[in-house]
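The values are calculated or read from the model by the stated rules, or taken from the named source; none is laboratory data. Everything numeric here is computed off the predicted structure, so don't read it as measured data. In this analysis, Cβ positions are derived from the backbone assuming ideal geometry, glycine residues included, and neighbour counts consider all displayed protein chains. With ligands, DNA and RNA removed, areas are computed over all heavy atoms of the protein, side chains included. Shrake-Rupley method; radii C 1.70, N 1.55, O 1.52, S 1.80 Å.
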Amino acid sequence: QVQLVESGGGLVQPGGSLRLSCEASGIIFSNYAMGWYRQAPGKQRELVADISRGNTTNYADSVKGRFTISRDNTKNTVFLQMNSLNPEDTAVYYCNAHYFRFTYWGQGTQVTVSS
């Protein structure tokens, strides 16, 4: 059974930082590209950042220079370091694992940026 479990969300003030984690089980983690997506109320889910098996990273323009995605294959975990957060970053953040036709999602973690 595949599980992706996100953690690290919460309430933070504008300008603050959060670090999201997603631990995977039930997959050969090192084979999978991993990604973080987010969905704000009334909006479509969008890609935030992803990282390939070979550690190539890709970011949405809106988070470049503020967010950093990384992975630790020894811990089956992908991270999203989020700095300089602003209210537009408020959303549910989802972890994604992708390998050919196989795609899995976590349950999501809420990030709220508000003073």
Taking 7 Å along the Cα-to-C-beta vector as the label spot, tell me the Thr56-Ser25 distance in nanometres, rounded to one decimal. 3.2
Could you report segment 1-113's accessible area per residue, 1.4 Å probe, as an integer in Å²? 54
For segment 61-107, rounded, prolate or oblate, judged on the Cα gyration tensor with a ≥ b ≥ c (square roots of eigenvalues), a/c < 1.5 rounded, else prolate if a/b > b/c? prolate
Name the residue from Gln107, Ser17, Leu85 whose Cα lies farthest towards the positive end of the charge dipole of the chain, charges +1 on Cβ of Lys and Arg and -1 on Cβ of Asp and Glu. Gln107
Using a Förster distance of 25 Å, how high is the FRET efficiency between Gln39 and Phe100, based on the Cβ-Cβ distance and rounded to 0.05? 0.55
Quickly work out the Gln3-to-Gln107 label distance, labels modelled 7 Å from Cα along the C-beta direction, and quote it in nm with one decimal. 0.9
Whole number please: convex hull volume per residue, Cα atoms of segment 36-90, in Å³. 87
Kirkwood hydrodynamic radius (Cα pairs, Å) of segment 1-64? 13.6
With N set to the residue count of segment 12-115, report its C-alpha Rg divided by 2.2 N^0.38 Å to two decimal places. 1.03
Distance in nm between Leu47 and Ser114 label points, each 7 Å along Cα→Cβ, equals 3.1
